[in-house]
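A short worksheet on the structure shown next.
The values are calculated or read from the model by the stated rules, or taken from the named source; none is laboratory data. From a predicted model like this one, the values you see are computed outputs, not experimental measurements. FYI the Cβ positions are ideal-geometry reconstructions off the backbone, even for glycines, and counts take in every protein chain you see. When the accessible area is computed, the model is the full protein with side chains, heavy atoms only, and any ligands, DNA or RNA have been set aside. Shrake-Rupley method; radii C 1.70, N 1.55, O 1.52, S 1.80 Å.
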Amino acid sequence: MNALFTPHALPALELPNRIVMAPMTRSRAVTESPDDATAEYYAQRASAGLIITEGAVISPEARGYLWTPGIYTTGQIAGWKKVTDRVHAKGGRIFAQLWHVGRMSHTSLQPDGQLPVSSVCSRSLNWPVFAWDENGRPAQVTASPARQLTVDEIHRITDEFVLAATSAQEAGFDGVELHAAGAYLFDQFINGGINTRSDSYGGAETHNRLRFLLETVDAVVAATGRERVGVRISPEARIHDGPGYEDEFNTFVTLAKALSSRGIAYLHINEMGTSQRMLDAVRQAFSGTLILAGEYTREKALATLEAGGADLIAFGRPFIGNPDLVERFRNDWPLTVADRDTYYGGDEHGYTDFPPFQKSEQRG
Ligand SMILES: Cc1cc2nc3c(=O)[nH]c(=O)nc-3n(C[C@H](O)[C@H](O)[C@H](O)COP(=O)(O)O)c2cc1C
């Protein structure tokens with residue numbers, strides 16, 4: 001049997017196949033709540049072994065991009081309930097990705113126009129975020145300077161993650177994924193090249209840089225159960241001004257071990273330049289379900305699963321143009337390539353208007 005189509009058991013969820021829909025921001029939540037089109041979009045993709053939603057921000061401060069949905073108001077929770085109902089009605093499974101961008105934000109998105117927050121103060125980054133420009137128009141603007149969080153504020157954010165996780169439960173999600181990848185807030189604490197704090201949440205000591213994430217994992221686990229919590233990381237990614245640092249290899253192996261001992265639902269690696277050495281070491285250190293993502297094809301996914309490199313493979317862009325990606329992989333049918341211009345923002349075009357494969361499309 002093709003390794004992509006064998007079932008896999010998460011601690012509390014049976015997955016019928018090994019194909020995960022990777023989290024993808026689509027910037028269509030103009031009201032900051034998921035709407036009927038969002039519910040339709042995810043329902044169309046319910047044959048995935050597991051869907052992980054786009055990043056859902058846990059508070060107004062957590063937002064770094066316009067039109068990304070939140071998961072902190074009753075309206076937003078009601079919007080997500082429609083999503084999970086539709087996915088479950090089609091026999092699917094769905095986790096919500098919980099997101100705080102930290103310094104990858106802009107004052108125009110922040111409450112009272114304040115500076116975005118991070119592990120340390122930083123200057124304006126060389127990276128754009130999608131926010132309001134000086135004329136009040138939506139635009140790509142440079143991320144604003146950030147201010148350093150106090151310890152009380154770090155604890156407050158952990159509480160906000162717990163609240164978001166219980167809200168996700170209320171909205172019918174099967175679990176949550178903490179977004180600790182991509183040099184967003186958790187990664188701004190993990191990264192030794194950014195986090196030079198001199199207190200117990202940063203500095204040279206590995207455990208200090210992992211403390212915020214692990215305390216938040218523990219708090220969310222205590223509230224919802226370990227089987228409902230996954231974590232996404234991106235070791236060695238060079239994005240959003242996240243530099244390399246001397247302790248990087250050890251940091252992620254230590255983190256993988258710490259998460260392994262907690263028995264969480266899964267660890268998810270977004271490979272953005274992650275070395276094979278790192279992948280092998282994390283695989284060894286983490287005894288639970290490992291998901292890998294990043295430019296996987298059907299063939300590469302099969303080879304990786306067969307070699308024991310991962311338990312599940314997440315696909316991002318292939319799921320945009322192929323709501324029936326699982327059936328296409330099963331039959332080795334060709335894939336539709338979505339237009340990049342429709343990735344972020346806009347209407348149903350490029351969102352819910354991709355038809356399933358028609359046999360008549362098959363050439364030869
Ligand atoms: C349009 C788009 C939006 C994305 N948004 C997120 C996100 O909200 N959270 C996240 O962790 N990764 C996000 N990613 C990264 C994907 O989850 C995935 O790791 C990446 O696309 C690589 O997989 P692929 O080559 O199969 O597309 C996004 C990627 C794309 C293309």
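Filtered by the rule that a residue be open to solvent by 10 Å² or more (accessible area, probe 1.4 Å), among the hydrophobic types (A, V, I, L, M, F, W, C) and within 16 Å of the ligand (Cβ to nearest atom), the stretch 1-28 gives a lone residue, M24.
Looking only at the stretch 43-69, which residues are in contact with a Lys or Arg (Cβ under 7 Å, 6 or more places away or on another chain) and either over 29 Å from Q114 (Cα atoms) or not in a loop (DSSP other than H, G, I, E, B) (or both)? Within the stretch 43-69, A43, A46, G49, L50, I51, E54, V57 qualify. Sort through A204, A222 and tell me the only one that's open to solvent by 40 Å² or more (accessible area, probe 1.4 Å), in a loop (DSSP other than H, G, I, E, B) and either away from the ligand (no atom under 15 Å from the Cβ) or more than 30 Å from L13 (Cα to Cα) (or both). Result: A204 is the single residue among A204, A222 that is open to solvent by 40 Å² or more (accessible area, probe 1.4 Å), in a loop (DSSP other than H, G, I, E, B) and either away from the ligand (no atom under 15 Å from the Cβ) or more than 30 Å from L13 (Cα to Cα) (or both).
Scan the stretch 99-114 and give yes if some residue there is among the polar types (S, T, N, Q), open to solvent by 10 Å² or more (accessible area, probe 1.4 Å), touching a Gly at 6+ places or on another chain (Cβ under 9 Å) and more than 22 Å from V229 (Cβ to Cβ), otherwise no. Yes; the residues of the stretch 99-114 include at least one that is among the polar types (S, T, N, Q), open to solvent by 10 Å² or more (accessible area, probe 1.4 Å), touching a Gly at 6+ places or on another chain (Cβ under 9 Å) and more than 22 Å from V229 (Cβ to Cβ).
Among the residues of the stretch 95-122, those that are part of a loop (DSSP other than H, G, I, E, B) and hydrophobic (A, V, I, L, M, F, W, C) comprise V101, M104, L115, V120, C121.
Yes/no matrix, rows are residues, columns are (1) open to solvent by 90 Å² or more (accessible area, probe 1.4 Å); (2) within 30 Å of L66 (Cβ to Cβ); (3) not in a loop (DSSP other than H, G, I, E, B):
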| site | (1), (2), (3) |
| --- | --- |
| G308 | no, no, no |
| A314 | no, yes, yes |
| P318 | no, yes, yes |
| G345 | no, yes, no |
| P355 | no, yes, no |
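Taken together, the residues in the stretch 320-343 that are open to solvent by 30 Å² or more (accessible area, probe 1.4 Å) and of a type in the set (V, I, T) amount to 2. Screening L279, L267 for residues that are out of contact with any Gly (no Cβ under 6 Å at 6 or more places or on another chain) and not in a helix (DSSP H, G or I) leaves exactly one candidate, L267.
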